[in-house]
Amino acid sequence: MTENIKEIALRACDILDEKMGTDIVCLDITQMTIIADYFVIASGRNPNHVKSLYDELEVKMEDLGFPLVRSEGYNEGRWIVMDFSVIIVHLFYEPEREFYHLERLWDDGRNRVPYEKKD
């Protein structure tokens with residue numbers, strides 16, 4: 001099951017990449033917390049782009065059998081958190097991501113899941 005969740009987290013990365021999300025990172029957080037197994041972090045060029053990343057991901061994750069449980073931040077479009085139960089996605093407007101820099105809190109140097117950006 002864990003391998004399947006990893007594949008779904010990487011599929012979420014693909015979906016964000018297809019919608020022109022930038023600086024996409026996937027972190028395996030299974031050994032760090034019980035809140036989820038994976039974090040996916042990505043940026044958008046502006047708040048409207050961040051919202052469009054959300055809209056696309058919500059529909060396509062549901063199609064994969066991972067419906068959205070809850071979310072926060074959509075109205076502002078600066079930092080949207082999407083909870084898919086075992087996968088939590090953080091979508092940032094670029095300046096917000098630089099300010100909060102979640103990777104420094106959750107990337108321990110060994111838990112980054114290799115993600116190859118599609119051409």
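Just so it is clear, none of the values below were taken in a lab; they were calculated from the coordinates. Quick caveat, the model's predicted, so the values are computed rather than measured. Quick reminder, even Gly has a Cβ in these numbers, built from the backbone with ideal geometry, and neighbours come from all protein chains shown.
Quick check on the chain: helices-only [θ] at 222 nm, where DSSP H runs of length 4 and up contribute -39,500 (n - 2.57) each and the sum goes over total residues. Nearest 500, please.
On the way: 4 runs with 45 residues, N = 119.
The per-residue figure over the chain is -11500 deg cm²/dmol.
Want the number for Met32 to Glu72: 0.36 nm per residue separation, take away the alpha-carbon distance, what's left?
Working: separation 40, 0.36 × 40 = 14.40 nm, distance 2.24 nm.
That pair, Met32 and Glu72, stretches by 12.2 nm at full extension.
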* Asked: Which GluC sites (Glu not before Pro) does region 53-89 hold that lie in a coil by DSSP with at most 16 other beta carbons within 10 Å?
  -> Glu76
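Counting DSSP beta bridges with both partners in the chain, what percentage is antiparallel, nearest 5? All intermediate terms of the calculation are to be shown ahead of the outcome.
Values: 14 of 21 bridges.
Bridges in the chain are about 65 percent antiparallel.
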* So, in Å, what gap is there between the alpha-carbon centers of region 27-96 and region 97-119? -> 14 Å
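How big is D, in µm² s⁻¹, for the chain by Stokes-Einstein at 10 °C and 1.306 mPa s if Rh is the Kirkwood radius over C-alpha pairs? Write down the numbers at each step before the final one.
Details: Rh = 14.0 Å.
The estimated diffusion coefficient comes to 114 µm²/s.
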